[in-house]
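The values are calculated or read from the model by the stated rules, or taken from the named source; none is laboratory data. Just so it is clear, the structure is predicted and the values come from calculations on it, not from any experiment. Using ideal geometry, Cβ is built from the backbone for each residue, glycine included, and neighbour counts are taken over all protein chains shown.
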Amino acid sequence: MKNVLIVDDEETLILIIESRFEDYKDQFKVLTASNGKEAPRILESNVIDFVVTDRNMPILDGIELLAYMSANFPTIPAIAVTAFSTPDVEEKLKKMGTLRILDKPVNLDMLAHTVLKGLARSHQGGNLTSISVSNFIQLIHRLVMTMKEREGWIRLRTCIPGGNDYFLSIQFF
């Protein structure tokens, strides 16, 4: 069963989202955090497949949470919801790897569709998409640190049609 973490300081909105997502209980389980400070504990203690976070929260806002996730859980896809969207905010959220930004009040059908699409994309046979170069380097570093005394290959494929495949040889030490 896949797990979706909803992070928002508006308790009523969390209850509404949980109620709407009851229709998908056979596809994913909903976990909730009432602020960005609770979310890392949930991320550390559960396998989370997708995160929906509010942007504006009093304790560790959505941008700070996404920065934490980028450093510690770079493969977990996330979307942000916000009532205070500006081009600057959207740019910050996109830099954090956010798949999508939804405006409040949230269209619950659109949110459900986005979560389902994100969950499907996150489990496509090992493909890694929508990741920054710095996050990719962090993943490689973690791989090297956990796979000591082995040798292996990592195959990188460009997203450009007709692009070349790149191979990175790693000698684990």
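Results for (1) modelled with pLDDT of 70 or more; (2) in the same structural domain as ARG20 (by TED's automatic domain parsing); (3) aliphatic (A, V, I, L, M), shown as yes or no for each residue.
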{"position": "ASP61", "(1), (2), (3)": "yes, yes, no"}
{"position": "SER70", "(1), (2), (3)": "yes, yes, no"}
{"position": "VAL89", "(1), (2), (3)": "yes, yes, yes"}
{"position": "LYS95", "(1), (2), (3)": "yes, yes, no"}
{"position": "THR98", "(1), (2), (3)": "yes, yes, no"}
{"position": "THR114", "(1), (2), (3)": "yes, yes, no"}
{"position": "MET145", "(1), (2), (3)": "no, no, yes"}
{"position": "GLU151", "(1), (2), (3)": "no, no, no"}
{"position": "PHE167", "(1), (2), (3)": "no, no, no"}
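In this structure, does VAL81 turn out to be part of a helix (DSSP H, G or I), β-branched (Val, Ile, Thr) and out of contact with any Pro (no Cβ under 8 Å at 6 or more places or on another chain)?
Details: part of a helix (DSSP H, G or I): no; β-branched (Val, Ile, Thr): yes; out of contact with any Pro (no Cβ under 8 Å at 6 or more places or on another chain): yes.
So VAL81 fails the test.
Results for (1) β-branched (Val, Ile, Thr); (2) closer than 17 Å to ILE76 by Cα; (3) in contact with a Gly (Cβ under 8 Å, 6 or more places away or on another chain); (4) not assigned by TED's automatic domain parsing to the domain that holds VAL115, shown as yes or no for each residue.
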residue: GLU10; (1), (2), (3), (4): no, no, no, no
residue: LEU13; (1), (2), (3), (4): no, no, no, no
residue: SER19; (1), (2), (3), (4): no, no, no, no
residue: TYR24; (1), (2), (3), (4): no, no, no, no
residue: LEU31; (1), (2), (3), (4): no, yes, no, no
residue: GLY36; (1), (2), (3), (4): no, yes, yes, no
residue: VAL52; (1), (2), (3), (4): yes, yes, no, no
residue: ASN56; (1), (2), (3), (4): no, no, yes, no
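Might you let me know whether the stretch 89-107 holds any residue that is under 11 Å from the mean Cα position of the chain (by Cα), crowded, with 17+ Cβ neighbours inside 10 Å, small (Gly, Ala, Ser) and part of a loop (DSSP other than H, G, I, E, B)? Checking the stretch 89-107: at least one residue is under 11 Å from the mean Cα position of the chain (by Cα), crowded, with 17+ Cβ neighbours inside 10 Å, small (Gly, Ala, Ser) and part of a loop (DSSP other than H, G, I, E, B).
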